[in-house]
Amino acid sequence: MQSGCSKCGKPAVYLRRYTSERLCGSCLVQTTLDRVRRTINRQKMLEENDRIAVAISGGKDSAVLLHLLHMIESNYPKSELIPVTIDEGIIGYRDKALKAAKELTKSLDLGLEVISFKDLFGHSLDELVTMRTEKSIGACSYCGVFRRRALNEAAENLEANVIAVGHNLDDEAQTVLMNIMRGDSRRIARTNVPRSRSIEGLVPRVKPLGELSERDIVAYSHHLGLVYHDVPCPYSGEAYRNDLKPFLNDMEHKRPGTLLAILRSAEAMTEAFLTSPIDWSLITCERCNSPSTSNICKACKMLEEIRG
């Protein structure tokens, strides 16, 4: 990239298309940090004495999340970061991602809590997929349901006030469109409940990277040489979101800012839903006592179907 940095005039190494900024390495890091700080402050995600469970997968998103939070929270000595990895049990994949997660946390002088599907549910994801009786249910459906449960239980056991996850702008835009296309627009609100309106029994989740594109994250991690595992999950080919990625990538390339516009629309929809007379309260699962929208939660239903 030949042009100078929009901030300082030094040789630029990255173009952030949706803000029309050309950035040198130093300004790339600083503007990324500033952007995440603004997202945290605007949505009141964190408090200065938080015990924060940081979901670490070993991939680039969670590596950038932990690195940025480590810098931000160093200014708040009363806060604490607790990296947590959920080991689904995917042979040949999770072990390598776990190695990367351990290297990253060690480089930041942090420990790593590892929670496995096998310990919590009695089966690894590989086993669950083999045992499934309903072939139309993809591996990603099982993984999503059980990962959410596992992460919540891990955060509760660690007495964390909040869970930080590495969902980026691309992820969020894809999720919004998926929910609309499935005819489940209410889920947009359920999965984006602000911390101030957290539900009893569910540790609040925040998404500090929600306004960073995947390109931003790749550029940041590459510039700083962060350790991460860059091999896709062997089950990812089943994911519904893969059908939307090319379309959204093409739209963002042709019309920079499209992803951010979708995110802002989702925020407006969430506010509209949460201020409506709809009853958003949850009940307790009869099997596991977790918060649920029905008498038996999704995780327990899946386990019952698999075990017969």
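Among the criteria (1) of a type in the set (Gly, Ala, Ser); (2) surrounded by fewer than 18 Cβ atoms within 10 Å (Cβ to Cβ); (3) over 20 Å from residue 167 (Cα atoms), the one residue 237 does not fulfil is (3).
From the list 33, 112, 23, the one residue that fits, being at pLDDT 95 or above, among the hydrophobic types (A, V, I, L, M, F, W, C), closer than 16 Å to residue 164 by Cα and touching a Lys or Arg at 6+ places or on another chain (Cβ under 9 Å), is 112.
Kindly check whether there is at least one residue in region 276-285 that is modelled with pLDDT of 90 or more, farther than 30 Å from residue 99 by Cβ and in contact with a helix residue (DSSP H, G or I) (Cβ under 9 Å, 6 or more places away or on another chain). Among the residues of region 276-285, at least one is modelled with pLDDT of 90 or more, farther than 30 Å from residue 99 by Cβ and in contact with a helix residue (DSSP H, G or I) (Cβ under 9 Å, 6 or more places away or on another chain), which makes the answer yes. For residue 128, the test of being out of contact with any Cys (no Cβ under 9 Å at 6 or more places or on another chain) and not basic (Lys, Arg) is failed.
Residue-level check: of (1) under 22 Å from residue 17 (Cα atoms); (2) surrounded by fewer than 19 Cβ atoms within 10 Å (Cβ to Cβ); (3) within 16 Å of the chain's Cα centre (by Cα); (4) not acidic (Asp, Glu), residue 217 misses just (2). If you go through region 27-47 one residue at a time, do you hit one that is assigned to a strand (DSSP E or B), touching a residue at least 12 places away in the same chain (Cβ under 8 Å) and either within 18 Å of the chain's Cα centre (by Cα) or buried (at least 18 other Cβ atoms within 10 Å of the Cβ) (or both)? No, the conditions are met nowhere in region 27-47. Within region 146-159, can one find any residue that is under 24 Å from residue 63 (Cβ atoms) and assigned to a loop (DSSP other than H, G, I, E, B)? Yes.
Restricted to region 145-190, and to residues there that are polar (S, T, N, Q), over 21 Å from residue 68 (Cα atoms) and touching a helix residue (DSSP H, G or I) at 6+ places or on another chain (Cβ under 7 Å), the residue that is modelled with the lowest pLDDT is 185. Only residues that are in contact with a strand residue (DSSP E or B) (Cβ under 9 Å, 6 or more places away or on another chain) and on the phi > 0 side of the Ramachandran plot were counted across region 84-123, and they come to 1. For region 257-281, taking the residues that are in a loop (DSSP other than H, G, I, E, B) and at negative phi, the one that is farthest from the chain's Cα centre (by Cα) is identified as 277. Inclusion of residue 9 among residues that are on the phi > 0 side of the Ramachandran plot and more than 20 Å from the chain's Cα centre (by Cα) is warranted. The residue that is nearest to residue 158 (Cα to Cα), among those in region 51-96 that are over 16 Å from the mean Cα position of the chain (by Cα) and touching a residue at least 60 places away in the same chain (Cβ under 8 Å), is 51. Looking across region 97-109, the residues that are free of Cβ contacts under 8 Å to residues at least 24 places away in the same chain and assigned to a helix (DSSP H, G or I) come down to 102, 106.
Across region 183-230, the number of residues qualifying as part of a helix (DSSP H, G or I), closer than 23 Å to residue 85 by Cα and without any contact (Cβ under 8 Å) to a residue 12 or more places away in the chain comes to 1. Taken together, 240, 228 contain a single residue that is under 23 Å from the mean Cα position of the chain (by Cα), at pLDDT below 90 and under 30 Å from residue 121 (Cα atoms), which is 240. Of the residues making up region 104-143, those that are crowded, with 19+ Cβ neighbours inside 10 Å, closer than 20 Å to residue 235 by Cβ and either touching a His at 6+ places or on another chain (Cβ under 9 Å) or charged (D, E, K, R) (or both) are 117, 126. Is it the case that residue 185 is touching a His at 6+ places or on another chain (Cβ under 9 Å) and of a type in the set (S, T, N, Q)? No; evaluated as a whole, the condition is false for this residue. Tallying residues that are more than 11 Å from the chain's Cα centre (by Cα) and either crowded, with 21+ Cβ neighbours inside 10 Å or over 27 Å from residue 289 (Cβ atoms) (or both) within region 152-169 yields 3.
The values are calculated or read from the model by the stated rules, or taken from the named source; none is laboratory data. Remember, predicted model here, so these are calculated numbers, not experimental data. Please note: Cβ atoms are built from the backbone with ideal geometry, for glycine as well, and neighbour counts cover all protein chains shown.
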